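Q: Attaching a single structure in structure tokens format; questions to follow.
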Amino acid sequence: MNGVADAIRRGLEQAIAYADDATDTSGYAVHVPADIDVKAIRVRLAMTQEEFAARFGFSLGTVRHWEQGSRRPEGPTRAYLLVIDRAPEAVQKALRAS
């Protein structure tokens, strides 16, 4: 796997460990916003709900619930969505490589 994909994978693993309180956080700080605007991310990427769900591994129903506000993404998922928002091409490349 290439360096970008490895870095994303390590970052996601660290975010999950942080969210699960399974890591020593004294050496760094991670800020994952409490609210993620999934629709804004999807629209910025010019994707339908179906395309967004399929491309990034979410169920269509979950994406719809997030966008309707009936559910909110939790811990590691918020971190993943933040990475999708900031580096969508790198995420897609990493997912294709796995």
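The values are calculated or read from the model by the stated rules, or taken from the named source; none is laboratory data. Owing to the predicted nature of the structure, the values given are computational and were not obtained by experimental measurement. Cβ placement follows ideal geometry from the backbone for every residue including glycine, while neighbour counts extend to all protein chains displayed.
Q: Does region 46-83 hold any residues that are over 12 Å from V32 (Cβ atoms) and charged (D, E, K, R), and which are they?
A: Correct list: E50, E51, R55, R64, E67, R71, R72.
Q: Go through Q92, Q68, Q49 for me and flag whichever is under 18 Å from A5 (Cβ atoms), more than 10 Å from the chain's Cα centre (by Cα) and not aliphatic (A, V, I, L, M).
A: Criteria check complete, one pass: Q92.
Q: Can I ask one more? So is A53 of a type in the set (A, V, I, L, M) and under 15 Å from I8 (Cβ atoms) or not?
A: It is false that A53 is of a type in the set (A, V, I, L, M) and under 15 Å from I8 (Cβ atoms).
Q: Could you tell me whether region 3-10 includes any residue that is modelled with pLDDT of 90 or more and not aliphatic (A, V, I, L, M)?
A: No, region 3-10 contains no residue that is modelled with pLDDT of 90 or more and not aliphatic (A, V, I, L, M).
Q: Right, something else. Just the residues that are more than 14 Å from I41 (Cα to Cα) and of a type in the set (K, R), please, taken from region 55-98.
A: Of everything in region 55-98, those that are more than 14 Å from I41 (Cα to Cα) and of a type in the set (K, R) turn out to be R71, R72, K93, R96.
Q: In region 84-98, which residues are more than 15 Å from D37 (Cβ to Cβ) and not acidic (D, E)?
A: Selection gives A87, A90, V91, Q92, K93, A94, L95, R96, A97, S98.
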